[in-house]
């Protein structure tokens with residue numbers, strides 16, 4: 001049976017890149033995101049390259065719905081061998097430290113920390129039963145290098161990074177890999193890149209022109225991490 005990767009938060013940047021890279025290795029692909037029309041476009045692109053894919057709509061902030069989505073993927077493909085979690089973006093803006101309150105923090109926690117923990121709870125039992133599997137996460141650099149203007153984002157990513165490290169240590173003896181890729185660059189072809197470049201003054205607003213990285217390079221790093229399983233974390237980019 002071919003293996004299956006479920007890409008949660010699939011978008012035109014990292015999500016599609018990972019789906020394509022694993023698909024080239026014979027993986028079937030489950031694409032999970034909020035908007036069906038965008039998912040349909042991603043599936044069509046993968047299928048045009050000979051990669052079997054299907055779509056599943058899910059708002060990752062709705063933790064109660066995740067169980068149904070995981071069940072639907074299992075019904076369609078039989079199993080989930082790898083999960084990759086990297087939401088393309090959420091509507092809530094970054095909040096600076098002195099402006100941070102619970103209302104500004106909760107949406108980031110819901111999508112970037114609590115949903116990943118819930119997802120692991122759902123897919124891990126079958127992986128433990130088989131003694132194999134992988135849990136991959138895309139992380140923002142604010143979790144490693146805190147920025148006052150992104151306080152809410154950094155707190156959520158720092159929590160996920162902490163969880164990921166201990167998850168890797170706990171699961172490695174059981175044959176399951178957990179790894180995270182910290183990305184300190186603007187991902188080309190992503191929605192974030194299109195929004196940034198669509199505003200002529202964006203670089204001036206943030207005070208610098210961000211480093212850029214291609215999805216295929218990020219996906220290649222994820223594949224290397226998955227195959228080698230020799231580190232729980234890797235980093236691309238500097239901000």
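Key figures for this structure:
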{"quantity": "Net length gained if the chain between residue 62 and residue 162 were fully extended (0.36 nm per residue, minus Cα distance)", "calculated": "33.7 nm"}
{"quantity": "Potential lengthening between residue 48 and residue 99 on full extension [0.36 nm per residue; Cα-Cα distance subtracted]", "calculated": "13.7 nm"}
{"quantity": "FRET efficiency, residue 24 to residue 235 (Cβ-Cβ, R0 25 Å, nearest 0.05)", "calculated": "0.55"}
{"quantity": "Ranking of 127, 149, 1, 225 by count of other Cβ atoms within 10 Å, fewest first", "calculated": "1, 149, 225, 127"}
{"quantity": "Tilt relative to the chain, helix 14-23 - C-alpha long axis, 0 to 90 degrees, to 10", "calculated": "20"}
{"quantity": "Relative contact order of the chain, defined on C-alpha pairs under 8 angstrom at six or more residues apart (%)", "calculated": "21"}
{"quantity": "Share, in percent, of DSSP beta bridges within the chain that are antiparallel, nearest 5", "calculated": "0"}
{"quantity": "Separation between Cα centres of segment 124-202 and segment 57-116, rounded to whole Å", "calculated": "12"}
{"quantity": "Footprinting exposure proxy for 18, 70 (fewest neighbouring C-beta atoms within 10 Å first)", "calculated": "70, 18"}
{"quantity": "Sorted by Cβ density within 10 Å, fewest first, the residues 170, 48", "calculated": "48, 170"}
{"quantity": "Of (1) 20.4, 61; (2) 17.0, 53; (3) 18.9, 67, the label for Rg and Dmax of the Cα atoms in Å derived from the coordinates", "calculated": "(2)"}
{"quantity": "Label-point separation, residue 228 to residue 106 (7 Å along Cα→Cβ), nm", "calculated": "4.2"}
{"quantity": "Folded to 0 to 90 degrees: helix 115-130 orientation relative to the chain principal axis, Cα", "calculated": "20"}
{"quantity": "Mean residue ellipticity (222 nm) of the chain, computed from DSSP H runs ≥ 4 via -39,500 (n - 2.57), nearest 500", "calculated": "-14000 deg cm²/dmol"}
{"quantity": "Nearest-0.05 FRET efficiency for residue 169 and residue 37, computed from C-beta distance (R0 30 Å)", "calculated": "0.15"}
{"quantity": "Pairwise label distance in nanometres, residue 130 with residue 209, each label 7 Å out on the Cα-Cβ vector", "calculated": "4.5"}
{"quantity": "Between 0 and 90°, nearest 10: helix 63-77 axis offset from the chain longest Cα axis", "calculated": "40"}
{"quantity": "For segment 1-107: span of alpha carbons on each principal axis (Å, largest first)", "calculated": "51, 26, 22"}
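Since every read-out is calculated from the coordinates, none of them should be taken as a lab result. Since we're looking at a predicted model, the values are computed, not measured. As a convention, Cβ positions derive from the backbone with ideal geometry for all residues, glycine included, and neighbour counts pool all protein chains shown.
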